[in-house]
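The values are calculated or read from the model by the stated rules, or taken from the named source; none is laboratory data. The model shown is predicted, which means the values in this text are computed figures rather than measured ones. Note that each Cβ is placed from the backbone with ideal geometry, even for glycine, and that neighbours are counted across all protein chains shown. Keep in mind that these areas ignore ligands, DNA and RNA; they rest on the heavy atoms of the full protein, side chains included. Shrake-Rupley method; radii C 1.70, N 1.55, O 1.52, S 1.80 Å.
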Amino acid sequence: AKLIRVIDGDTQRFEIDLGYHVRSVHNIRLWGIDTPELRTIEGKECREWTVKWFDDHTHGEDWPFLLHTQKGRMSFNRYIGMVACRKGHDLSAALKEAGWEK
């Protein structure tokens, strides 16, 4: 997947390569973590931290991220899932380790 936009610490928008030249765009809500709301100072700082995490984990690749969504699970029109870079670094785990979990 390619990151299109970080919405907040626990929600991002991706272009997803489904194979066979088929692509789709979806918002992904991270499974297993709840970060501060964007309307707060902490939420804005968490969003900036998340943007930097993505910048640091592209590893120069065109499609640098892997997504694993839970079949049939959605929250506010977002798929619930996990996000990792191709080297195996998990975004939810990184957010928790950095202390961004509410």
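Some observations on this one:
- Of the numbered criteria (1) open to solvent by less than 40 Å² (accessible area, probe 1.4 Å); (2) in contact with a Phe, Trp or Tyr (Cβ under 7 Å, 6 or more places away or on another chain); (3) not in a strand (DSSP E or B), the one W100 fails is (1).
- Residue match in the stretch 66-83 (condition: in a helix (DSSP H, G or I) and among the charged types (D, E, K, R)): no
- Output for the stretch 62-72, where each listed residue is in contact (Cβ under 8 Å) with a residue 12 or more places away in the chain, over 15 Å from A93 (Cα atoms) and open to solvent by 70 Å² or more (accessible area, probe 1.4 Å): D62
- Subset of the stretch 24-58 that is open to solvent by 70 Å² or more (accessible area, probe 1.4 Å) and assigned to a loop (DSSP other than H, G, I, E, B) - its residue that is farthest from S75 (Cα to Cα): R39
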